[in-house]
Amino acid sequence: MREYAISLDAKKMPDAWYNVLPDMPSTPTPVLHPATQQPVGPEDLAAIFPMGLIEQEMTTAPTISIPGEVMDRYLMYRPTPLRRAYRLEEALKTPAKIYYKNESVTPSGSHKINTAIAQAYYNLQEGVHSLSTETGAGQWGTALSIACSMYEMACKVYMVRVSFEQKPYRKSFMEAYGASVIASPSDTTEIGRRMQKENPGTTGSLGMAISEAVEVAVTSGGKIKYSLGSVLNHVCLHQTIIGEEAKLQLDSVGEYPDVVIGCVGGGSNFAGIAFPFVQDKLKKNLKTRLVGVEPAACPTLTRGPYVYDYGDTGKMTPLMKQYTLGHNFVPPGIHAGGLRYHGVARTVAQLVHEGVIEAISLYQNPCFKASLIFAKCEGILPAPESSHAICAAMDEAVRCRESGEKKTILFNLSGHGHFDLTAYDAYLRGDLQDYDLDEEILEKGRASIPDVKEPA
Ligand SMILES: *Cc1c(COP(=O)(O)O)cnc(C)c1O
């Protein structure tokens, strides 16, 4: 009998998150204050984050134990299944073995709830009962709405306007859990009004929505804290439960991956699946390939410079060294909304810079094509974001068919696409465009990158 789903006994679930910081081949790049350009301390971040998360942002402890209360919520849906894609292997006639971690089975339909629960918990621990945030495709807003409802906290979500219009049911989903949802840029913040004036008719961007949500926290007198769904160390940290479980599950069937693949927006689901393998790769000198996949329409890792930049359009966030298209860059309105971010997690960036992680970019049409082949074989309709990982995994499997290599491929299925049917509709009608960004557009974005003197 074929073992399609490789489960993991809940009692064997990892009880600590893995921290990549102490395993980085070189010292992690410091985070700088947006005004002084000096390294930030915990007190600089206290206006927007609770201390528990600030500590996790900076700690170099090798692991952080998962609080019992968070573990208890995880157990509602974790461990998630690791699946062997036998039918996809057959469809591709590949000798490769394809495994995927199925994060689409969570209450929010994506990996994002893994950090949403933890973030809501640490805020509540410090007496915070209200969170503000941004959302691109709506996945993060949904995850935080559910997490906030678990702890009876208020949740205010700034949703990038293009997604707000493309995905009305995302808004309903968030509202069902008690969140309030506002299209960004909006008239409810100073910065939102300014950005609308400067960019009339703008589709919005994650960078703009972040600025609005941060402003709400900063001006709340400590009542509202801000919550980010990707990019930061503590977010990537919380997502490592994905890779830790996958490692145990693969081990239980005597496997170890040759290639680990994830799509990259801000970098958190990729970090989640890949970071636990970074440790092995560096310490045991393994040849495991760790591949981040981004859309060609937002080619941060593959075409951006490795420099300091802001995380948001309004320049309210700290400066972080990363690959960036410039904080003013507004990517084309592709349907993988969660991948439309100008920058990336600084740990992922540094590991790409040091050659530990590879990055590639793909067009959206081949990703949707791959996604539908996957759906027919596996019975799961993937999120457009996840389709980038699927397409890269299938390309790898096809290369194995040509070379005869029996590689073991692992990818992260970051979410399902049940709220992305407008996107599938557009694909099936042949209405999706593949964007090749010309140098002129990229140059315009790069012009917004600040001139930062790196600390010696
Ligand atoms: C948000 C999202 C992503 C991209 O964000 P990362 O932080 O890079 O993981 C990818 N897939 C899905 C389904 C998402 O919701």
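The values are calculated or read from the model by the stated rules, or taken from the named source; none is laboratory data. Only a predicted model underlies this, so the values are computations on that prediction, with no experimental measurement involved. We place every Cβ from the backbone using ideal geometry, glycine too, and count neighbours over all the protein chains shown. Areas reflect the complete protein model, heavy atoms only, side chains present, ligands, DNA and RNA absent. Shrake-Rupley method; radii C 1.70, N 1.55, O 1.52, S 1.80 Å.
Which one of these is under 12 Å from Leu325 (Cα atoms), in the same structural domain as Lys101 (by TED's automatic domain parsing), of a type in the set (A, V, I, L, M) and modelled with pLDDT under 95: Leu442, Leu437?
Values: Leu442 fails: modelled with pLDDT under 95.
After applying the criteria, what remains is Leu437.
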Give the residues of the stretch 317-369 that are more than 16 Å from the ligand (Cβ to nearest atom), at pLDDT 95 or above, out of contact with any Gly (no Cβ under 8 Å at 6 or more places or on another chain) and within 21 Å of Lys444 (Cβ to Cβ), sorted by residue number. Leu319
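What number of residues within the stretch 148-195 satisfy the criterion of being in a helix (DSSP H, G or I) and not hydrophobic (A, V, I, L, M, F, W, C)?
Here the count works out to 15.
Closer than 21 Å to Phe277 by Cβ, in contact with a helix residue (DSSP H, G or I) (Cβ under 7 Å, 6 or more places away or on another chain) and surrounded by 24 or more Cβ atoms within 10 Å (Cβ to Cβ): does that describe Thr313? Show your work before the answer.
Details: closer than 21 Å to Phe277 by Cβ: no; in contact with a helix residue (DSSP H, G or I) (Cβ under 7 Å, 6 or more places away or on another chain): yes; surrounded by 24 or more Cβ atoms within 10 Å (Cβ to Cβ): yes.
Considered against the rule, which asks whether it is closer than 21 Å to Phe277 by Cβ, in contact with a helix residue (DSSP H, G or I) (Cβ under 7 Å, 6 or more places away or on another chain) and surrounded by 24 or more Cβ atoms within 10 Å (Cβ to Cβ), Thr313 comes out as no.
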Kindly indicate the residue of the stretch 137-179 that is open to solvent by less than 10 Å² (accessible area, probe 1.4 Å), aliphatic (A, V, I, L, M) and modelled with pLDDT under 95 and also nearest to Gly337 (Cα to Cα) among those meeting that condition. Ala137
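When the residues of the stretch 180-189 are narrowed to those that are of a type outside the set (Val, Ile, Thr) and open to solvent by 10 Å² or more (accessible area, probe 1.4 Å), which ends up farthest from the chain's Cα centre (by Cα)?
From the stretch 180-189, those of a type outside the set (Val, Ile, Thr) are 180, 183-187; that's our starting set.
Those still in the list that are open to solvent by 10 Å² or more (accessible area, probe 1.4 Å) too: 180, 183, 187.
Working: Ser180: 22, Ala183: 21, Asp187: 28 Å.
Restricting to residues being of a type outside the set (Val, Ile, Thr) and open to solvent by 10 Å² or more (accessible area, probe 1.4 Å), the top hit is Asp187.
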Per the list (1) in contact with a Pro (Cβ under 9 Å, 6 or more places away or on another chain); (2) within 16 Å of the ligand (Cβ to nearest atom), residue check on Met208 breaks on (2)
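For the subset of the stretch 200-215 comprising residues that are aliphatic (A, V, I, L, M), more than 10 Å from Met316 (Cα to Cα) and in contact with a Gly (Cβ under 8 Å, 6 or more places away or on another chain), which member is surrounded by the fewest Cβ atoms within 10 Å (Cβ to Cβ)?
Residues of the stretch 200-215 aliphatic (A, V, I, L, M): 206, 208-210, 213-214.
Going one step further and asking which of them are more than 10 Å from Met316 (Cα to Cα), we end up with 206, 208-209, 213.
Imposing the further condition that a residue be in contact with a Gly (Cβ under 8 Å, 6 or more places away or on another chain) reduces the set to 206, 208-209.
Details: Leu206: 34, Met208: 29, Ala209: 31.
Filtering first and then ranking leaves Met208.
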Look through Gly221, Gly192 and report the one residue that is assigned by TED's automatic domain parsing to the domain that holds Ala137, open to solvent by 20 Å² or more (accessible area, probe 1.4 Å), away from the ligand (no atom under 16 Å from the Cβ) and farther than 12 Å from Thr317 by Cβ. Gly221
From (1) among the β-branched types (Val, Ile, Thr); (2) outside the structural domain of Pro331 (by TED's automatic domain parsing); (3) within 16 Å of the ligand (Cβ to nearest atom), pick out the condition that doesn't hold for Val264. (2)
So, Lys197, is that one surrounded by fewer than 20 Cβ atoms within 10 Å (Cβ to Cβ) and of a type outside the set (Gly, Ala, Ser) or not? yes
Ser268 vs (1) hydroxyl-bearing (Ser, Thr, Tyr); (2) crowded, with 24+ Cβ neighbours inside 10 Å; (3) closer than 15 Å to Ile449 by Cβ: all pass except (3)
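Can you work out which of the residues in the stretch 102-144 that are among the charged types (D, E, K, R) and under 15 Å from the mean Cα position of the chain (by Cα) is nearest to the ligand (Cβ to nearest atom)? Explain how you work it out, then say what you get.
Of the stretch 102-144, the ones among the charged types (D, E, K, R) are 103, 112, 126, 134.
Then drop every residue that is not under 15 Å from the mean Cα position of the chain (by Cα), which leaves 103, 112, 134.
On the way: Glu103: 8, Lys112: 5, Glu134: 11 Å.
The selected residue is Lys112.
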I'm trying to understand the selection: among the residues of the stretch 28-37, which are modelled with pLDDT of 95 or more and loosely packed, with under 14 Cβ neighbours inside 10 Å? none
